[in-house]
Each structure stands twice: as structure tokens, then as C-alpha cells.
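To start, the structure itself, in C-alpha cells.
The values are calculated or read from the model by the stated rules, or taken from the named source; none is laboratory data. Note that the coordinates shown come from a computational prediction; the quantities given were computed from them, not determined experimentally. Reconstructed Cβ throughout: ideal geometry from the backbone, glycine too, with neighbour counts over all protein chains shown. In case anyone asks, the SASA skips ligands and DNA or RNA and just uses the protein heavy atoms, side chains included. Shrake-Rupley method; radii C 1.70, N 1.55, O 1.52, S 1.80 Å.
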Number of protein chains: 2
Amino acid sequence: MKISERGQKVPPSPIRKLVPFAEMAKDKGVTVHHLNIGQPDVATPQQFFDAVATFPDKVVAYGHSLGFATLRKAMAAYYQRLGYDVQVDHLTITTGGSEAILFAMMAICDAGDEILCFEPFYTNYNGYAVQACVTLAPVRCMVEDGYHLPPRAQIEAKIGPRTKAILVCSPNNPTGTVLRRDEMQMLVDIARERDLFIISDEAYREFVYGEVPHTSIMQFPEISDRTVLMDSLSKRYSLCGARVGCVIAHNPDLRRTFLHLGQARLCSPSLEQHGSIPLMSLGDDYFKGVQAEYKRRRDTVMKGLAEIPNVQCRTPEGAFYVMARVPVKDAGRFAQWLLTNFRLDQETVMVAPGDGFYATPGLGMDEIRIAYVLEVDRLERAMRCLKQGLEQYKD
Amino acid sequence: MKISERGQKVPPSPIRKLVPFAEMAKDKGVTVHHLNIGQPDVATPQQFFDAVATFPDKVVAYGHSLGFATLRKAMAAYYQRLGYDVQVDHLTITTGGSEAILFAMMAICDAGDEILCFEPFYTNYNGYAVQACVTLAPVRCMVEDGYHLPPRAQIEAKIGPRTKAILVCSPNNPTGTVLRRDEMQMLVDIARERDLFIISDEAYREFVYGEVPHTSIMQFPEISDRTVLMDSLSKRYSLCGARVGCVIAHNPDLRRTFLHLGQARLCSPSLEQHGSIPLMSLGDDYFKGVQAEYKRRRDTVMKGLAEIPNVQCRTPEGAFYVMARVPVKDAGRFAQWLLTNFRLDQETVMVAPGDGFYATPGLGMDEIRIAYVLEVDRLERAMRCLKQGLEQYKD
């Protein structure tokens, strides 16, 4: 029985495909430092568990397709504190930021349409593009530029008659780059002049370390009819498994479509929505503590990378990722070798090969993504493993 | 800014679109008996809440994309107790039965492909078909036949070169019909001879009332490479808001695709998966209690319908729905009128108009779906409202 071409094309996760080799190493008693996946080790705020424990109903019933009214209200207040014009009606709660991607692509694109994006990019955009029968048109960003945007002409060269939107992610996964206001302004200008939507993935909003402040697409109200903000509680509140995110749009046609897409899947998970409500009022203190911890981690990783010969990277301004060019021909083989062959005091390190973050075949083969989601002392050990691994590895 | 045609085509929920009129009635102090939505009032088993309370981790982390290993094992054991060949590897946990529909359609169909289904059908198949760019080819079932399958020739007439699968739901939403073994056998024969997949939605498996036993697609191991079983915990354990379901396939290509689709959305909600584990070992006693209660409710509704002149329906053998032909021209207008104009002792009833369960325009206009998800005395009052409403209503 032949399955669909679409089914065959949905890519496996490049971040997860080395997991079996990590399992084998662990089975042999090896400690694997996981720098491969953006899973923070920071504890989920206790307020979440406390709220879940007070779930008031005897029946875990269908909720509203747009999300719990209480949570939507609390979320809108969070955005308003940031100074954004986000009213409750603009906001649809999604089952994780993942569903936000699906909703945005479905609402904006028909089969065969294109979305301009910047590579390297968050790998799951690929999976959703295949599902939605959308083509990603990637504009390349370079490690030498710290993965900031290339000149406008290079971006506009990728816009064709089927291009419907620009997809941007800042602070960026996988590069950690935070776009400057003038870069966002350039995208806004292009979108207006070329009649495109902007889909802005801001899941890492709170993870910025002082060099470049975060610029949200909500800070450009003059194009509010053509913007979709995608967000997620996963990283902000160390809540990855809860699957709570949202899409925000002012455009009434988009909002109506999000409602209908939401109705098709009925509702997002109830307990996690209920648990998330008090998190929306966590103040600056919470984020400042998290930021300080991640800045220490970032600086630890950058120090470690600086000590390895022939590694190219720039200090990323946000998120908790660094993308680096390393002196190997095939980072996927290198990452696998680290798990299967390399040991330093019975430890090794797991990184994500770079090619999975590109749409263009052949790119990223000599890059790796490091997620600095471990405590500083573990990160130091992990970076020692990476350094020695690169010294010992033969292509 | 123009959104996609797909976005415009995703239909609103016909079950939920009358909600604002119900809200207005409630605001005026009217009691609305909700027969419009399949939301059981049965309490979620306490074991679920107890398990959630013992969630062992400090971090609500990403789970495995296929679902929690513990839950998959417990689910496989549940199916094995039913006598089905379901091993852990056959089973992918989905975010509700809703996501199971999406995964099945995506894995089997490319844009432009067709799925044969039987109308009236579960309305959200429509929404997912639009999302997946799939066309539903409906074969009509008739109230006079109790919505059982038409002769084989009528089914085969709908199979074209782009038909990839037969989608069947038994016990059925919205009709309550349970297909006999010979009907399932006919679909199996057609699938084999015409080289089609069978997608079998069995979310209501445990809701059968003695007339026709449930036949699962898993009881036809001779075509196990071309079947997908879609399931949900929502109805079985009164767990609609938890969003836990699954897809089961033996075909390795399908299973690999489900894994990749699962990786794109990372994981299903953690707390609800954890909470669901003990439910999988609830035994016959639990289901017998639930069945007895729903049988009483069904019989209450059927007795009520029998007392209304010019209503056509057959006693459904399962699920908790009845589809009935009523003497009105436009059941949507009638349903709205019940909410806005009709009152019996400050009470009224909300039903789902039938046309939303059809793909063929014009069908179902004189049908309604009743979900018997209320206690018997409330159902009796609801049926009195329906009877008097039909007597008073003028088209």
C-alpha cells in the first residue's frame, strides 16, 4: 500500500534522529550532555502545578475553541504590559507554538503558495510546510554576519508571484540572533510594498541578553492587518510539554479562520490552560532571574567555543542557541561519532547537526547548533568534550 | 490583505455556531438543555486527577513524539484485552482524536486526492479535509435504513482514480449506527479489491447497547497493511478536554510518517498523558455502568421522539447520538428559533442542525442531531421542549 508523497516528504526531526545513539551510549554508562534540544532544565513555576491542582471541574470537558476565556484575558494583559495593542479578541490559544505555525500557514497559503524565510531556520517549519503543501523560499543568512539579515535586494530576489508571507523568528532558533529594529523595519517595508503577510515567531521574546533589545512585529501597528504573531509558553515558563501557545492577529479574516481551524480540533488541553493562567502575571523578577542564568550559560558556551581552533561563530544576542561552523565535512557524522566513539572521563556531548535547519540541500553540513540549556558546570564539561572531540575526529 | 481560499473554506462548526443564541437565552434566565454537543456529563474517573497530582517531574518537559512510553504500553494492553493485535510499536498517541484525523489524511492523501465517506458524518472531517486539500466523496445513508450502508454498487460508484481511502465511523457520530460485521466485511472487500486504505474512527467503541456488537477494523487482520484505527479517550473516559487519542497502523510506512508528523508538533500534552495511564486498566465494570446509563438515556430520547408526530428515526445501536428527520424545512432556522423564541416553563432545548453533517449541499436540512448526554429527567424535559417546539413552529 502506497502512502502519500506528502507523508513521505514530512522530514524526521534532525534534532531527534540521533536519539537512539545517545540511548546506546547511556546504556553503557556514559553521561551524555544534551546540547541538542531546546528543553530548558529550569523548573516549571510552582504556580502552574498549584493551579492544576485546583482544576475546579468534575468533568474534563471541551473548552472554547479559541481557548479558556480566563487565559486569553490573562495573556492579553501580558502583551498589554509590553505595550502591544493585543485585545482578547485578537488572540487564539493554540496547542503549543507548533499549532500556531500550522494555523498561520493554513490561513495564509493555498497549496503551491510560497513563504519566504531565512535559513538556517527552526526545523519544524519544514514539516508544517510539507503538511500545508507550501514551499519555503529560503534567504540565506551567514555565520560571518551573526546570521543577521542580508541586504534588501537579496531578500526581494526570492519573492515570486506565489509568495504570500515572510516568516521571521527573532530571537532566533537556531542562531540566537535578535533582529535590530531597522531589520524588522525593512521586512515591514517589503511586506507593505510587495503585499505580503509577516508571520513573526516570538517564542523566545524574553530571552535577550542586553546587546540588542527585542523588536516585536506588534511594534509596527501600521501593518497590523498583515501580521500574525506566533507565540508559545514553552520556553518562557519552561513548559514545553504543556502545549500552550497562541496566534495573534488583527485582521478579522485571519481571526475568523483561526476560530474555524480551532473548531475543527475542538479545543486545546484544559488542565494546562488552567495551569497557565497565573503564569501570565509573573513579573519582571521572574524573567530577570531566567535571563541572568541564560546569559551566564551563553557566555560559558562562547568562552568554550573561543578555545576551539577553527570554529566560526558570533555571540548571539538571544534565545538559548548558538550556531557555529566547525572544521568537519559532515556535522551529522561528527555528531553521531561523538555519541558512538568519543568518551572523555565516560562523558560525551550531543549536538544538533546544522543541515537540518536549512531547506537548501548541502548547506549547514559544517555547522552545529548548541542549545545551552544546562547548568554552567555541566556546560563547561560539555564544551570540553566538544573541544577534545573536534581535535580527535577525522573526517 | 487576502487570506487563503483554504482559510475561507474551513467551515465553522455547525454544532457551535448557535452558541451565541444559547448564551443570550441563558442571560435572560432561560434554562437551555444542551443536546447539541457530544460532551458527556459523566464525571471523569478520579484516577485521572489522582495521577495528574502525582506528576513526578519539576519540569513539564517535551515528551516523546510518539507519546509517553508508559501510556503507549497501557493502551496496547487495553487493545490486547479486546483481542486485537496491537503492539506498542503500532501505536502513536495523538493530541485528541482530532489530530488522529489530520495524521491519517496527511499520511494517506496528497493534495487533490479523495476519501470516500458516508454521510451524514462527523462534521470535523470536513474541516480537516479542507486543511489537507483532500476532497470528501460522500455516499449517502438514509434515515429509513437506520443509516446503515447502502448496497455495494452505490459505494463503488463513488470510487474514482484519486480515491485513496474509505473513512468509516462505527459506532457513528452523528447517527448512532453500529455497522454489522457483514457491512464492515463489505468495506474490507472493497478496499482490497480497489486498493484503498480504510480509516476507521472507533472513538465510540464502548458505547453499544446490545442490538449490534461493535466490529473493529482490527478484526480483519488480513488487510492490516491498509488500515488505520483512529481512537480517542474523550468519550470513553469523559475526558474531552484532555486531548488524548491515538492512531494505530501496522503498515511501517504509515507508522514512520506518523512519527515524523508527531515530531513536527513535538509532543502531546504531558499532564493529560500521565493522567490517562491508570484509565487504561479500568475494567468492564466501569464501561458496563456507563453503558447502562446511556442506554437508559437513549431509550428516553427514543420514547420522546416516538411521541412527536411526523418525526422519522430508527433506534440507533450505539454512541450517544440520534439523527432524526423532523417536519421542518430548515432545521437550522428551527434550532435558532428554539433558542430565541420558544420557552416552556422558562426552558428550551438546543439541537444540532443536520445539514452540517453532510458534504452534499441541500441534504440534512430537515434533520437534527440529538446528543443524549444529560441525565434522564433533564432529557425528558428536553424532549418535552422539542415536542412542543415542533408543534408551535411555523416554517
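Points to keep in mind about this one:
- Residue in the range A:202-228 that is nearest to B:Arg6 (Cα to Cα), counting only those that are part of a loop (DSSP other than H, G, I, E, B) and of a type in the set (D, E, K, R): A:Glu202
- Test: residue in the range A:76-96 that is within 9 Å of another protein chain (Cβ to nearest Cβ) and modelled with pLDDT of 95 or more: yes
- Test: B:Ile37 is within 29 Å of B:Trp337 (Cα to Cα), at the interface with chain A (Cβ under 10 Å from one of its Cβ atoms), buried (at least 21 other Cβ atoms within 10 Å of the Cβ) and modelled with pLDDT under 95: no
- Tally of residues being open to solvent by 20 Å² or more (accessible area, probe 1.4 Å) and at negative phi across the range A:119-135: 4
- Sole exception among (1) open to solvent by 10 Å² or more (accessible area, probe 1.4 Å); (2) closer than 26 Å to B:Thr257 by Cβ for B:Met106, by number: (1)
- Extreme residue, farthest from B:Met218 (Cα to Cα), among residues of the range B:69-101 that are in contact with a Ser or Thr (Cβ under 7 Å, 6 or more places away or on another chain) and among the polar types (S, T, N, Q): B:Thr95
- Residue among A:Leu229, A:Leu254, A:Leu261 that alone is more than 14 Å from chain B (Cβ to nearest Cβ), buried (at least 24 other Cβ atoms within 10 Å of the Cβ) and under 24 Å from B:Val130 (Cα atoms): A:Leu229
- Residue in the range B:79-88 that is open to solvent by 20 Å² or more (accessible area, probe 1.4 Å) and of a type in the set (S, T, N, Q) present: yes
- Meets criteria (in the same structural domain as B:Cys385 (by TED's automatic domain parsing), open to solvent by less than 30 Å² (accessible area, probe 1.4 Å) and small (Gly, Ala, Ser)) for B:Ala319: yes
- Verdict on B:Asp231 being in a strand (DSSP E or B) and either closer than 24 Å to A:Ala61 by Cα or touching a Cys at 6+ places or on another chain (Cβ under 8 Å) (or both): yes
- In the range A:8-47, of all residues being small (Gly, Ala, Ser) and either in a loop (DSSP other than H, G, I, E, B) or not assigned by TED's automatic domain parsing to the domain that holds A:Met302 (or both), the one that is farthest from the chain's Cα centre (by Cα) corresponds to A:Gly29.
- Check on B:Asp50, under 24 Å from the mean Cα position of the chain (by Cα), more than 30 Å from B:Asp253 (Cβ to Cβ) and open to solvent by 40 Å² or more (accessible area, probe 1.4 Å): no
- Matching residues in the range A:359-375 - criterion: being in contact (Cβ under 8 Å) with a residue 60 or more places away in the chain, within 17 Å of A:Val328 (Cα to Cα) and open to solvent by 10 Å² or more (accessible area, probe 1.4 Å): A:Leu363
- The criterion of at least 3 residues that are modelled with pLDDT under 95 is met by the following helices (runs of 4 or more DSSP H) wholly inside the range B:245-341: B:284-306.
- Qualifying residue in the range A:125-142 (condition: in contact with a Gly (Cβ under 6 Å, 6 or more places away or on another chain) and of a type outside the set (Gly, Ala, Ser)): no
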